[in-house]
Amino acid sequence: MKTAIAALLACAMLLAISQLSANTAAATNGFKVFQFHLGADTYAELRKAPEKAVNRANPLEDDPEAVAAGKLLFEDHCAECHGADAKGGRKAPSLRVSEVRNATPGTLFWLLTNCAVRKKMPAWSKLPEPQRWQLVRFLKAPETVPTPPNRAAKR
């Protein structure tokens, strides 16, 4: 009996070591081991926005501070799932893809407000409307958005 338990423990250890080395090799080869897996319907929620929402314009479109404010909101509310760079994480897909880039501001605002329950994304309707529009500005902005100086100093 002791021999069987020892053999079982040895097998479990070998399995754990081989899994760890495989994950390490994958990570060093540029693969994100625990990356969110895309499905055919990953961005399908964007197509569900009603026409009235799709055509809605962002009232902060010309606000030069909206992108930086949106970045801070993203870091506080979205980066945990979508990754710090918005290129996807363990729990959620990239927001730097053409499906999101080509979505209208109104569509993104609608999705933030109403969520994607089946995708486990919470509704952000609790955020004041201007903050949701700031998030939309950040998502529609070029990928490289500098962190505002007052926030960078705190890090």
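A short reminder: the numbers here are calculations on the coordinates, not readings from a lab. For clarity, every value in this text was computed on a predicted model and none was experimentally measured. Glycine also receives a Cβ, built like all others from the backbone with ideal geometry; neighbour counts cover every protein chain displayed.
Here are the numbers:
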quantity	calculated
Two-site label geometry, Leu127 and Arg101: point separation in nm, points 7 Å out along Cα→Cβ	2.1
Cα-Cα P(r), the stretch 44-152, percent of pairs per 10 Å interval	15, 52, 30, 3
Contour excess over end-to-end distance, with Cα ends at Asp62 and Thr3 and 0.36 nm allotted per residue	14.0 nm
Computed FRET value (nearest 0.05) for Lys52 with Asp85, which takes r as the C-beta separation and R₀ as 41 Å	0.80
Under-24-angstrom lysine pairs by C-alpha in the stretch 44-152, whenever the two are 8 or more apart or on separate chains	25
